[in-house]
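Just below is one structure, and these are the notes that go with it.
Computed from the coordinates by the stated procedures, all read-outs in this text should not be read as laboratory data. Just so it is clear, the model here is predicted, and its values are computed rather than measured. Neighbour counts run over all protein chains shown; Cβ positions are idealised from the backbone, glycine included.
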Amino acid sequence: MAPTTTRSRAVVCLSGGMDSCVCTTLTAQRHDVYAIHFSYGQRTETRELRSAEAIATATGVREWMHLRLDLFRRIGGSALTDSSIAVPAAAGEDTGPEMQLRRGAEVPVTYVPFRNAHFLAAAVSWAEVVGAEVVVIGAVEQDSSGYPDCRPAYYDAFNRLIEAGTREGTIRVETPLIRMRKSEIVRLGLTIGAPFGASWSCYSGEAVACGLCESCQLRLRAFRDAGAIDPIPYAAASSGV
């Protein structure tokens, strides 16, 4: 009888978006994946859940957890969770220094205040229970919208918190995509067989992606720059970049 091998475990924050899709596929190559998805009152909550479930199935995750958080809806302050704040269209295609400065200086209204800290806290708690020493999240700094919780310094600080505040202090948050451009993430995903067709990035639409919000524009541009076609549907009049 052939000997069995025990793989290490990793908890992956699986939003259902393009970046978490690649992260889950990548992590599944080396670990047994425990995927955690958060419904927090976001506009496309139902669609993101469906995408996350499909990605989890396609990548063969070992265990799936769906958590509902009501605090962001009650707190508000973000266009993703507060219906009184409109989701803006992307400012334009410029990704040069001026756009980078704008993004660094102006945190957009789609930022959910301190969201990733809540997500990571739950993921680390689960990691302690299941014996995982890695928590993976698909944060991206280069082509992000200027969110402060997508910076490497944020995760360095969080790892120090985990070291001080957990039983063994050995769990680490990993951000394998954080220094990559979106087009590089697309190329990586295509290479490893990430199920992009199951993912969802739009901030507004649930049946068809709007193609106008910044998340859609970043995604469309990434596929274009990677020389690939995005497999998800877009509103016909707004799918160009």
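Please report the base-10 log of the normalised intensity I(q)/I(0) for the chain, using a Debye sum with one equal scatterer per alpha carbon and no solvent, at each q in 0.07, 0.10, 0.11 (1/Å).
Ignoring solvent entirely, the Cα scatterers give -0.22, -0.45, -0.55.
Taking amide H positions as placed 1.01 Å from N in the peptide plane, with prolines and chain starts having none, which residues 5 or more places from Tyr111, or on another chain, fall under 5 Å of its amide H?
Correct list: Ala79.
Find the eigenvalues of the gyration tensor of the Cα atoms of the stretch 175-226, then list the square roots of 5 times those eigenvalues as equivalent ellipsoid semi-axes, largest first, in whole angstrom.
Over the Cα atoms of the stretch 175-226, the semi-axes work out to 20, 13, 10 Å.
Looking only at the chain, where both bridge partners belong to it, what percent of the DSSP beta bridges are antiparallel (to the nearest 5)?
5 percent
So how do 161-169, 193-201 stack up, highest first, on mean other-Cβ count within 10 Å?
For the peptides 161-169, 193-201, the packing ranking is 193-201, 161-169.
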